[in-house]
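The values are calculated or read from the model by the stated rules, or taken from the named source; none is laboratory data. Owing to the predicted nature of the structure, the values given are computational and were not obtained by experimental measurement. So basically every Cβ, Gly included, is an ideal-geometry build from the backbone, and we count neighbours across all protein chains shown. Calculation scope for accessible area: heavy atoms of the full protein, side chains included, ligands and nucleic acids excluded. Shrake-Rupley method; radii C 1.70, N 1.55, O 1.52, S 1.80 Å.
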Amino acid sequence: MEVTMSRRALIRGLAAGTVVPLALSGCATNPETGRSQFMLVSQGQLAKLSASAWSDVKEETPVSIDPALNNQLRRVGGRIAKGANRQNENWEYAVFDTDEKNAFVMPGGKVGFYRGIMEFSENDDQIAAIMGHETGHVSARHAAERYSQQMAAGVGMQVANVALSQRDSRYKGEIAAILGIGVQFGIILPFSRKHELEADKLGVDYMHRAGYDVRQSVRLWERMGAEGGGRRQPELLSTHPSPETRVRELDAYIRQRGYA
Ligand SMILES: [Zn+2]
């Protein structure tokens, strides 16, 4: 558990009704990471929230109907879901028709890739590296964890409560930010470095189990790093750990696991 708010403040919040304990509260161990997490929100509640944010994004961003890109995303998505042993969940995929080199995932298995990152990737393996990373965020329940931390810390508490009780478009951006897609609405609330590196490692595990070339994750980040040195920094870089750090950590993890 990684909450900065004191227990006393939390109890005060509960008494004042500003912190609403949801179906599931307290610490639970995540089987995927073996790590204990502080949760104030249930998977069902978050999935509902995420479904409405997903339709907002699809309304506000052009969706690509390019069959090659869509087929590639579904093909890789299906294999990675299997590698993560989550093939029975309802995954939904969309390619957004913008140049951004970015991708996101929301609880409930909504996966968005921008055309920019699809075109930047050299092969299925590199798409699989990103897909594995995004799937890692889902397995490790990072959005729920962050949401709970935000609520406990009093940030966006009203937003969170409103979001769960009724749809209020005023809070669209904040809700999206909590779920991890805030960039879309100009609000950046990055996952912690710890979450990012955890997702990277889970992603490599899924790639390996799905039969992809795990070394391509390293190559992808080397290329992203080189790109960042040029003109505009790709979004994935500005909200995530530095590519050099990822390359180093991924490389060490791949060796340690004996994957390559
Ligand atoms: Zn991430």
Here the residues within region 211-220 that are open to solvent by 20 Å² or more (accessible area, probe 1.4 Å) and part of a helix (DSSP H, G or I) are Arg215, Gln216, Arg219
List the strands (runs of 3 or more DSSP E) that sit entirely inside region 91-153 and contain at least 3 residues that are touching a strand residue (DSSP E or B) at 6+ places or on another chain (Cβ under 6 Å) and buried (at least 20 other Cβ atoms within 10 Å of the Cβ). 103-106, 110-114
With the structure loaded, tell me whether Arg255 is out of contact with any helix residue (DSSP H, G or I) (no Cβ under 8 Å at 6 or more places or on another chain), at pLDDT below 85 and open to solvent by 50 Å² or more (accessible area, probe 1.4 Å) or whether it fails that test. no
Out of region 60-85, which residues are more than 15 Å from Phe113 (Cα to Cα) and surrounded by fewer than 17 Cβ atoms within 10 Å (Cβ to Cβ)? Lys82, Asn85
Counting only residues that are in contact with a Pro (Cβ under 8 Å, 6 or more places away or on another chain) and within 12 Å of the ligand (Cβ to nearest atom), which one in region 127-146 is modelled with the lowest pLDDT? Ala143
